[in-house]
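Trainee: My questions will all concern the structure given below.
Readers should treat all values here as calculations from the given coordinates under stated rules, not as data from a laboratory. If you're wondering where the values come from, they're calculated on a predicted model, not measured in any experiment.
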């Protein structure tokens, strides 16, 4: 059985500090309201199923949308693993066009994006984050983390 956790885009933060007040978390996600400047945004993936035990990710979706109805290319890098651990960091970058309407366009990271086996959990994903170069007038709506959830017999 699998379970999912929805992580609001408002949990993201600037990865490079700026005085640009147009980039900020809001109730509708992490928004770049600027009309001219892209900004790097990092989104931690913190999951713990109901039993309080962290599980590795099966896959992760991120939903990005346009604030002004114009689609823009968004580049995001997922990182799995950690320094000094048994699983060194592995990076996977994907570029996609933001949705112009609706909840946002989805980009998905799978086990195979990090050197894992198709259908398996993402290696080292107990420590997972996504960093995006968020163009002007673009927002991260939310992330959806899917993970195995054992059900007692």
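Trainee: Three principal axis extents, largest first, for the C-alpha atoms of the stretch 55-106, in Å?
Mentor: 44, 21, 12
Trainee: For q = 0.08, 0.12, 0.17 Å⁻¹, what log10 I(q)/I(0) does the chain give under the Debye formula with an equal point scatterer on each alpha carbon and no solvent?
Mentor: -0.23, -0.50, -0.94
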